[in-house]
Amino acid sequence: MSTITGVASPPSITGVAPMATARVTHGPEPPATTPAATKGISKEGDLMQKLQRLLDTNPATFERMMSKLAVELKTAARKSEGPNAAFLTKLGDTFALAGEAKSLSPLRPAQTPSSPSTSLGSYSQSGHRASAGILKAFVSKAAAEVQMLLSPDEKPPMPPAPVQ
């Protein structure tokens, strides 16, 4: 055993083979676009995934969609008051910036606790209840619009027939 400045090197073990690792699977992984794959994801997270796919497949369309969504948020802000209007305006500006940058980075939560976030998820935690319904409707509508751009041949699911 050798010693370097008072620290002994560990003894080597011989005659022991490394353990093999096994992966247990229960069938094929669902693609990222299936409802099963997104079941545990928030509506905001689902929208962000769809926007990322749009950015990856068609950056020019992504830029136009982000501009459109920014206008919708700013329109909703003009119909709101106080902190709700300010937040929606800032979120609209953030969507516009993300479109111009062709990146979702501006929409991701801030990394430092001292800087206010304009991410979609931060809204539900910010205490602005009056416009929570506006944002929820915006996220659902935006996700549907982006999905139509990603899969123009797919028809939206039919609503269930009314029970009589």
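The values are calculated or read from the model by the stated rules, or taken from the named source; none is laboratory data. Every value quoted in this text rests on a predicted model; they were computed, and no experiment measured them. In this analysis, Cβ positions are derived from the backbone assuming ideal geometry, glycine residues included, and neighbour counts consider all displayed protein chains. What goes into the accessible areas is simple: the full protein's heavy atoms, side chains included, and nothing from ligands, DNA or RNA. Shrake-Rupley method; radii C 1.70, N 1.55, O 1.52, S 1.80 Å.
So, for the stretch 62-112, what is the accessible surface per residue at a probe of 1.4 Å, expressed in square angstrom?
53
For residue 41 paired with residue 90, estimate the spin-label separation in nm (one decimal), with each label point 7 Å from Cα along the Cα-to-Cβ line.
With each label point 7 Å from Cα toward Cβ, the separation is 2.7 nm.
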